[in-house]
1. Net charge around Gly130, counting only other residues with Cβ within less than 14 Å of its Cβ (Lys, Arg = +1; Asp, Glu = -1)?
2. Counting alpha carbon pairs within less than 8 Å and at least 6 residues apart, what relative contact order, in whole percent, applies to the chain?
3. A 23 angstrom limit on the alpha carbon distance is what I want to check against. Which of Lys174/Lys229; Lys25/Lys329; Lys56/Lys437; Lys209/Lys514; Lys174/Lys292 exceed it?
4. Cα centroid distance between segment 242-315 and segment 413-459, in Å?
5. Where does the charge balance sit around Gly465 when Lys and Arg score +1, Asp and Glu -1, over other residues with C-beta under 11 Å from its C-beta?
6. Can you list the residues, at least 5 places off or on another chain, whose amide H is less than 5 Å from the amide H of Phe204, using H built in the peptide plane?
7. Can you put Val335, Val236, Val46, Val207 in order, fewest other beta carbons within 10 Å first?
8. Check every DSSP H run in the chain and write down those whose alpha carbon atoms cover 24 angstrom or more along the long axis and whose mean Kyte-Doolittle hydropathy is -0.5 or greater.
Amino acid sequence: MALAAINPTTTKAWKKLQAHFDTIKNQPAKQFFAEAPHRADDMRIVWEDFYVDYSKHRLTSETMALLLELAEEVKLKDAMSQYFGGEVINQTEGREVLHTALRNPKSAEVMVDGENVMPEIYEVKNKIKGFTEAVVGGKLKGYTSKTFTDVVNIGIGGSDLGPAMVVESLGYYKNHLKTHFVSNVDGDHVNEVIKTLNPETTLFVIVSKTFTTQETLSNANTIRAWFLKSAPQHAVSKHFVAVSTNIEKVKAFGIDEKNIFPMWNWVGGRFSLWSAVGLTISLATGFDNFDKLLTGAHKMDQHFRTEDFDKNIPVITALLSVWYNNFFKAESEAVIPYSQYLNQFATYLQQGIMESNGKSVDRNGDKINYQTGTIIWGEPGTNAQHAFFQLMHQGSKLIPAEFIGFTKSLYGNQDHHDKLMSNFFAQTEALWNGKSKDTVIEELKAQGLSEEKIKELSPYKVFEGNKPTTTFLIDKLTPESLGKLIAMYEHKIFVQGIIWNIFSYDQFGVELGKELANTILKEIEDKNVINNHDISTQNLINRYKTHR
């Protein structure tokens, strides 16, 4: 069974949306609320510890009805059944997309090739639990019988971004183990990390499905060579573990087979933190917190799977993205978490969203003539307010934004949290309502400025407003609430991909550059190897070779 391949621009709903857009595209923010007094109550979703407000958007109830009609017309419900049911919806790679199975309860049944994969999933989870408890509790020691103090995760892409983001996000819940992440093939990166480590008390987690990824293996080999300067060869098996499917290559590296954690083809790398790829998360926060992360994600899975579309958080947020991307032609979205713990959240989402939906060929194999994908960026508030908010408030670009905040702080410093959240609420209000010229003039008059000065300054102090935001107000940053939030974005990606009629789960776009890099590397290493390049690239390579 294949996903329906429907060009969204050919649907009745799309045509109605285009006509509707032309009637409201210039409607001022205040008019939306004036015409719908109950708008703030109607355009919100309250689910568990999440309060989602999407009333500050340039749309009406009619817009939402038409967007929901679009979701029905592209057969989103059927696609969701295939998504959760283990159908091969990653058709270009011939794979299922079943990261949701990783957070299912043990009693669930998920079939892949006629086999229920849940027993295997729980076998790996139990292995993660046992290993975590042995390391954290000091039962498992290094080659000199010292307990571990540091854990280094060696991976790139989904093998790095997810675990690194979650470990930072759950910093409040971390145990005594210090965690480090090595990803970039830049040798300065790996050397900056290892110079602070004691080889006797450091555990290394190599994450690579194939155990052939250039960046990961280069870093792993460099670290192993550094380790063996002070440790015997047999000590490698006590200090290195792997998350991989390539058993033979892992064993050849020196890792004990009992310390290999398996991966599955039906889990894409950028959605794999729920699997053994999350081993470093478990080590850093304890298995119970890792399990709570999965529990939260499963709750969002159930919400997405069973809730009506008009009260479905991933569906509504995805439809809002389509509205701005395809009708207002807004090319980017900002994600602004008001928590320093979520410093890496937007970075993590960049891979998940841009690698998934950065496609220009549809599910029919045809070139697309409408926008897909969105550019994702952002930083935590309030830092972001002193950086790029000027562009959002008074720039010429329309940038829809998602604000994420928490009712309770973790350390309980109420004074700081009240100031943080007052900014959180104020920014969405300011972006939406702006400041009129009349208000600016009155303020400047109150400052005692001359009429001439007021006339000169007033244009620069006007805020147009009409800048759309979605607000996520969550009770508290916990492993469970973080799991819900991550899963929400995963499902938002899925819905966008279905509407845009693209395959969201392959990533062929990352391969060309890698192939060319391997070719160029041979040319750099061996002067007798000569390849054909454009003259610009050839000049750059020659300059590098003569000056390195």
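1. So the environment of Gly130 carries a net charge of +1.
2. Values: 868 pairs, mean separation 99.2, N = 548.
Reported relative contact order: 18 percent.
3. On the way: Lys174/Lys229 31 Å; Lys25/Lys329 11 Å; Lys56/Lys437 21 Å; Lys209/Lys514 17 Å; Lys174/Lys292 14 Å.
From the list (Lys174/Lys229; Lys25/Lys329; Lys56/Lys437; Lys209/Lys514; Lys174/Lys292), the Cα-Cα distance tops 23 Å for Lys174/Lys229.
4. With segment 242-315 and segment 413-459 each reduced to a Cα centre, they are spaced 46 Å.
5. So the environment of Gly465 carries a net charge of +3.
6. When sequence neighbours closer than 5 places are left aside, the close amide H contacts are Val152, Phe240, Val241.
7. The fewest-first ordering by Cβ neighbours comes to Val46, Val236, Val335, Val207.
8. Span-like helices here: 118-136, 479-500.
A short reminder: the numbers here are calculations on the coordinates, not readings from a lab. Since we're looking at a predicted model, the values are computed, not measured. Cβ: placed from backbone, ideal geometry, glycine included. Neighbour counts: every protein chain shown.
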